[in-house]
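The values are calculated or read from the model by the stated rules, or taken from the named source; none is laboratory data. Predicted model only: the values in this text are computed from it and were never measured. Ligands, DNA and RNA are stripped out before the accessible areas are found, and what is left, the full protein with its side chains, is counted by its heavy atoms. Shrake-Rupley method; radii C 1.70, N 1.55, O 1.52, S 1.80 Å.
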Amino acid sequence: MDVICRHVWMFVEQKCRDHACAKSHRARNELRYNSSMATLRFHIVPNAKIDKVAGEHGGAIKIKLRAPAVEAKANASLRCFLAGQLNISQRAIILEHGQRSRNKVIRIDGMTEEDVRSRLLGAL
């Protein structure tokens, strides 16, 4: 935990809601919980010829990536690919589960599940 976060946590724990740090911390949390977000399952195929959405695989969205599954290169490539396809920032894409697996659960902040599915699977 970094110094700023400890400072904010200290004020929240002490119920000091008048302090500027505590107010901004609450505002960020409320913004995060009120915004739309999608949690989707993805099936990743590394070492492909091109980066592309390849349909569905057992309810998960199947994506082929050129990156190898070595040292998290495929995970970084997946975030970059999804950000480009969905026209959002890479910071809005969070890998929840599956760091070393082909099957991943990814949270995408700022979009609904229907929006993500239509943008990724709509062109197929």
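General remarks:
- Hits in the stretch 55-75 (condition: assigned to a helix (DSSP H, G or I) and open to solvent by 60 Å² or more (accessible area, probe 1.4 Å)): Lys73
- Checklist (1) open to solvent by less than 50 Å² (accessible area, probe 1.4 Å); (2) modelled with pLDDT of 95 or more; (3) in a loop (DSSP other than H, G, I, E, B) applied to Met111, failing item: (2)
- Considering only residues in the stretch 36-52 that are in a loop (DSSP other than H, G, I, E, B) and open to solvent by 30 Å² or more (accessible area, probe 1.4 Å), the one that is nearest to Glu96 (Cα to Cα) turns out to be Ser36.
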